[in-house]
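The values are calculated or read from the model by the stated rules, or taken from the named source; none is laboratory data. It should be emphasised that the depicted structure is a prediction, and the values quoted were computed from it without experimental measurement. When we count neighbours, we look across all protein chains shown, and the Cβ atoms used for this are built from the backbone with ideal geometry, even at glycine.
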């Protein structure tokens, strides 16, 4: 017997589920192939059969609406298979919020500045594993168990323009999840503070090792030995992350990285928008990987409502002549996606959106963030700001206003807005729920078309606010970033040239 | 008040048996002796046909043609079937109440209760030698052929007759029996054949002689649980052994040389023998009871007793269940009996009620349970009620008694009473019902078209009602002569308040009986697309199938329909159906890009999508290996683009692409370098590195390359060649459009600090110190910083410097800068 196996959600963390469908962005928005919506609906339906109906389904975006409609349809279909279990309204989950990637393309195009985000940008994380040169993460742990490093060196040894000396270097796979205590601590931090944290941890581990000299009696020695296993694994994890952090540092100090970061930040902040073109032109002339150029150009186009005709054609010509005419398809794809277009009117909704959603926060304390904008050092991801519209309390302290109060800004964003209440078939809401004023605490967030690590970090940050009153579970079709997003829609070339590839 | 339950009890050694009358038969003047009869167990129906081996007086009223009559256990005619085939060997019933008719030529017919049948053959062996006898059980049968071979069919769902091991007989067995697979050790059917004075046990592989001397055995019967075998010997002895012949259980001499007409088990502990008008029940210890009848009767064995069908009534003969015996046995003083007695006293207002309860207080819960169980075993509603009342009474004295059993027994009894009602005529006992399960009972009700009762029972027992409703709808469609509008409305109205009911099967029935329009209309109500779509496809409703597949969102379904249509229809027709459906178009494009570019070209062409045509042609050109066809494809694409004013840029780009390819091909010949496939910038780079600046310059002007980019290409190429003189010339040729920092950076990358120094001097003074630091020239950096009077920068340089002589100098600069 051969049957269909529904893989559905793969849990990566307690608060993170992914369908691991790598190409949903291209399929949904470029090809119009809605297969992944069907898979998503089926997976969400499975969650509903386990935890009860989501009392409320909110969302933004055309594909998101499609998903919400399909969920309703599937509920009817499930009733055929097992009508006796007509689903009850969930007692744990208060709502499902569906965010369509097409609503916020700005966020993934920006360079992620959290630790996990940067690992993804530099090495690219696949299925919560990253593959790095084994030289980076240091020798095997047994070699120098006691001789702990006393400080972390932050000087850089390699630059990305010079490829590592041994191209044959052995690759090592490292699992990145909360099983690694140190990583759990670091992952959501802005990279700027990672160095000092690593330093602190290194000191502590060293002190702990030194503890062996204080061990005089047999009992004390045994106690130390018992601790040793934990110390050694901590030590290994420290070594790994110090190595990775150093490698990332090597990238972040290069002028290319900083130039492009500066351009990004100016663009999203709406500062000197038109003078960024020179920088981008120079990047093309330097023949940096095309995907980096496209990230900036798309960002430019998105925040300005397109490029002026002259610039638009100039950049297209520069790209085709520098990276090959094959990329004509890439450019057409971007145009079709509305990511890189000619300006048609001077009206620019982004400026308004930026203001009303407070996307730019000037004072960011990376050490002690007060707002989600820390993940991009000043830019708050639009998608997460939208979530905040729904989940933050209204003036009256009750938070089930849905989108109320934000209608204007939602109208400026592409795609339909929806807010639907699901009830049991007989529409009798059980009075049980209101006992003791107990309200469900979990909000499920579904990203259709992928989400970034920074968005995950930002949502985790939100969860920590509000005294842990609210839990968020993030579900997504895949975890993405600007590179993977654009790579999926770029024309694949069998180009023998040296510059056409990616990093 | 009903007669006391014990009135029909008869004691057999230490136990009691009872024969209760259940129905007075509805049929009139029935002479059972003239018929070949088959009765279904679990209170099932009775099938009968005139036995052609028996002489019959020709009477006027009787039809000449043989007819199979189907009656309920209450003698109510359900159906009569005109028999038109050959000689019937035997009849029997399956568990799902299908009538099996075995014909002489090895053909088997399976009738449902309304006379619709399917038929199949037992194979060549049976056909050639004909079937002389057949044994049937709930799920299968074994036929004995004319050449004394055995053919087994173990599953009516899956017709696969198999020949069993050859028993090697030369004459028909005296008698034979079958042990159904579920009761044998091997889980395969076994056959017991009485031959000579012994018995052969036959299975699929071998025939084993049990080496008995007591035979010949003229009659035999296997007990309902398959453990015991009752044998009747030619000298009139009834002998009970275990079916593996290991245990000898009892022997009883009947003094009759004639074998009984029927030998059946009553439950699992006594055997009933029937000779003409005499019934003899023999208990396990050789005691017996004799019943006499005025007419012929027929015995139907059940798991817990025997149904006795006679010309005027239907009776049930069974061992009195333990619970019933405990309560009603005269003079019994066990707790359940006392509890039952207490209720009696209570109703009379006698204080003895309290006394009774006190006596049995410690075991009251068990007594209540027994009363509940006994209620289940009663056919008489008066006693059911009395026993339940006693249970409820006892229950009231218990602090924590789980009433679930009581409630469920009340429910069960309501169901049992309603199906036992003579109009329905299913005299099922509580024990049979427990074994049969409510689900099967519902199926039986549905098959007899008691839809309303089935529905009520389902609702009452909180079971799913869909299959009842679906079956009802299907039957309605089969029988109805109304127009589709009326039928559709009738069905939908009835089923409207049942969300989640699957209409696919109803629609399928409609389609099968030749009502495709009705089928389509009904399918519209089917909530599950996965069920809807394949049926629509088989009904040739192609477009509708596609629409429904798209609505479902399941892209696999959409592909299923689309690929089916593509195979089935001419291309034009296929495109016509797809064209106005965006989702289908999108999916077709995705599919074609992976699998079938040719189809995609046709698709775009028929819809006149020029830009898409161009795009696809370009994709094709990339796949071409030789230059000529590559360029030709691009030229085609160019034409498509040129037709659309909106795509002037693309047209120009393709035009340039063609030019580049042509230029590269010329250059390849001139310079003997592989160039095709490189971008324009890379081509220029290659020209420079191969010392062909002239060609590079020509490309620059031909393709109107901006100065900035050209300088960058040149800079990089010259550094790569380490041609410092040329680089110097370039730098001096005119003011650099890209500034001189790139010069410095590229030199540093090539680790040429001396060259770099040259260009640092040309840079803006503010960036110079930083650039000097990069090449490690701290002294120059210091000087530049001093010129800028930047003390902070100076101390920064100082901190980085590790040469102590230069450090001293830097210190002096700092002093100088701060003194001013």
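Examine segment B:674-696 for a residue that is loosely packed, with under 15 Cβ neighbours inside 10 Å, assigned to a helix (DSSP H, G or I) and within 10 Å of another protein chain (Cβ to nearest Cβ), and state whether such a residue exists. Taking every residue of segment B:674-696 in turn, none turns out to be loosely packed, with under 15 Cβ neighbours inside 10 Å, assigned to a helix (DSSP H, G or I) and within 10 Å of another protein chain (Cβ to nearest Cβ).
Would a scan of segment B:306-327 turn up a residue that is touching a helix residue (DSSP H, G or I) at 6+ places or on another chain (Cβ under 6 Å), closer than 18 Å to residue B:393 by Cα and buried (at least 23 other Cβ atoms within 10 Å of the Cβ)? Checked against the condition, which is being touching a helix residue (DSSP H, G or I) at 6+ places or on another chain (Cβ under 6 Å), closer than 18 Å to residue B:393 by Cα and buried (at least 23 other Cβ atoms within 10 Å of the Cβ), segment B:306-327 yields at least one hit. Cβ separations smaller than 7 Å between residues 6+ apart or across chains give the following pairs from segment B:707-734 residues that are at the interface with chain A (Cβ under 9 Å from one of its Cβ atoms) to residues that are surrounded by fewer than 16 Cβ atoms within 10 Å (Cβ to Cβ): B:708/B:737; B:711/B:737. Pairs linking a residue in segment B:615-632 that is touching a residue at least 12 places away in the same chain (Cβ under 8 Å) to a residue that is part of a loop (DSSP other than H, G, I, E, B), with Cβ atoms under 8 Å and 6 or more positions apart or on different chains, are B:627/B:676; B:630/B:624. Evaluating residue B:767 against the criteria (1) within 14 Å of chain A (Cβ to nearest Cβ); (2) within 30 Å of residue B:786 (Cβ to Cβ); (3) crowded, with 21+ Cβ neighbours inside 10 Å leaves one unmet condition, (3).
For every residue, the table says whether it meets (1) facing chain A (nearest Cβ under 9 Å); (2) touching a helix residue (DSSP H, G or I) at 6+ places or on another chain (Cβ under 6 Å); (3) surrounded by 21 or more Cβ atoms within 10 Å (Cβ to Cβ).
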site	(1), (2), (3)
B:583	yes, yes, no
B:593	yes, no, no
B:620	no, yes, no
B:651	no, yes, no
B:656	yes, no, no
B:672	no, no, no
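Taking the stated definitions as given, is residue B:561 at pLDDT 85 or above, farther than 30 Å from residue B:452 by Cβ, away from chain A (no Cβ under 14 Å) and in contact with a helix residue (DSSP H, G or I) (Cβ under 6 Å, 6 or more places away or on another chain)? When the stated conditions are applied, residue B:561 passes them.
On the basis of being touching a strand residue (DSSP E or B) at 6+ places or on another chain (Cβ under 9 Å) and either surrounded by 15 or more Cβ atoms within 10 Å (Cβ to Cβ) or free of Cβ contacts under 8 Å to residues at least 40 places away in the same chain (or both), does residue B:213 make the cut? The answer is yes for residue B:213.
Tell me, please, whether a residue that is touching a helix residue (DSSP H, G or I) at 6+ places or on another chain (Cβ under 8 Å) and within 12 Å of chain A (Cβ to nearest Cβ) can be found in segment B:776-799. Looking for residues that are touching a helix residue (DSSP H, G or I) at 6+ places or on another chain (Cβ under 8 Å) and within 12 Å of chain A (Cβ to nearest Cβ), one finds none in segment B:776-799, hence no. Only one entry in A:107, A:111 is modelled with pLDDT of 85 or more, closer than 23 Å to residue A:413 by Cβ, away from chain B (no Cβ under 14 Å) and assigned to a loop (DSSP other than H, G, I, E, B), namely A:111. Going by what's in this entry, would residue B:333 be described as surrounded by fewer than 18 Cβ atoms within 10 Å (Cβ to Cβ) and either part of a helix (DSSP H, G or I) or not assigned by TED's automatic domain parsing to the domain that holds residue B:138 (or both)? Spelling it out, residue B:333 is indeed surrounded by fewer than 18 Cβ atoms within 10 Å (Cβ to Cβ) and either part of a helix (DSSP H, G or I) or not assigned by TED's automatic domain parsing to the domain that holds residue B:138 (or both).
Right, residue A:293: within 14 Å of chain B (Cβ to nearest Cβ) and surrounded by 20 or more Cβ atoms within 10 Å (Cβ to Cβ) or not? Yes, satisfied.
Does residue B:518 satisfy being within 12 Å of another protein chain (Cβ to nearest Cβ), touching a helix residue (DSSP H, G or I) at 6+ places or on another chain (Cβ under 9 Å), assigned to a helix (DSSP H, G or I) and touching a residue at least 12 places away in the same chain (Cβ under 8 Å)? The answer is no for residue B:518. The number of residues in segment B:459-471 being away from chain A (no Cβ under 11 Å) and free of Cβ contacts under 8 Å to residues at least 24 places away in the same chain comes to 1.
Within segment B:35-47, if we keep just the residues that are surrounded by fewer than 23 Cβ atoms within 10 Å (Cβ to Cβ) and without any contact (Cβ under 8 Å) to a residue 60 or more places away in the chain, the residue that is nearest to residue B:436 (Cα to Cα) turns out to be B:36.
Which of the numbered conditions does residue B:527 fail, given that it passes all the others? Conditions: (1) in a helix (DSSP H, G or I); (2) over 30 Å from residue B:638 (Cα atoms); (3) at the interface with another protein chain (Cβ under 10 Å from one of its Cβ atoms). All conditions pass for residue B:527, except number (1).
Here the condition is being within 22 Å of residue B:324 (Cα to Cα) and not in a helix (DSSP H, G or I); of B:393, B:406, B:379, it holds for B:379 alone. Restricting attention to segment A:261-290 and to residues that are closer than 22 Å to residue A:358 by Cβ and part of a loop (DSSP other than H, G, I, E, B), the residue that is farthest from the other protein chains (Cβ to nearest Cβ) turns out to be A:270. Scanning segment A:315-351 for residues being touching a residue at least 12 places away in the same chain (Cβ under 8 Å), part of a helix (DSSP H, G or I) and either within 10 Å of another protein chain (Cβ to nearest Cβ) or more than 16 Å from residue A:491 (Cβ to Cβ) (or both) gives a total of 15.
Taking segment A:1-49 as the range and being within 13 Å of chain B (Cβ to nearest Cβ), within 24 Å of residue A:88 (Cβ to Cβ) and surrounded by fewer than 15 Cβ atoms within 10 Å (Cβ to Cβ) as the test, only A:6 passes. Scanning segment A:352-391 for residues that are assigned to a loop (DSSP other than H, G, I, E, B) and more than 20 Å from residue A:116 (Cβ to Cβ) yields A:357, A:358, A:359, A:361, A:362, A:363, A:370.
What residue, among those in segment B:64-73 that are assigned to a loop (DSSP other than H, G, I, E, B) and more than 38 Å from the chain's Cα centre (by Cα), is modelled with the lowest pLDDT? Give the derivation first.
Of the residues in segment B:64-73, the ones assigned to a loop (DSSP other than H, G, I, E, B) are B:64-66, B:72-73.
Now drop any that are not more than 38 Å from the chain's Cα centre (by Cα), which leaves B:64-66.
Numbers: B:64: 64, B:65: 74, B:66: 82.
For segment B:64-73, the residue satisfying everything is B:64.
Just one of the listed residues (A:228, A:182) is in a helix (DSSP H, G or I) and surrounded by 19 or more Cβ atoms within 10 Å (Cβ to Cβ), and it is A:182.
Among residues belonging to segment B:536-547 that are assigned to a helix (DSSP H, G or I) and surrounded by fewer than 22 Cβ atoms within 10 Å (Cβ to Cβ), point out the one that is nearest to the other protein chains (Cβ to nearest Cβ). Let's see the steps before the verdict.
From segment B:536-547, those assigned to a helix (DSSP H, G or I) are B:536-538, B:542-547; that's our starting set.
Now narrow it down to the ones that are surrounded by fewer than 22 Cβ atoms within 10 Å (Cβ to Cβ): B:537-538, B:542-544, B:547.
Values: B:537: 19, B:538: 20, B:542: 21, B:543: 20, B:544: 17, B:547: 14 Å.
For segment B:536-547, the residue satisfying everything is B:547.
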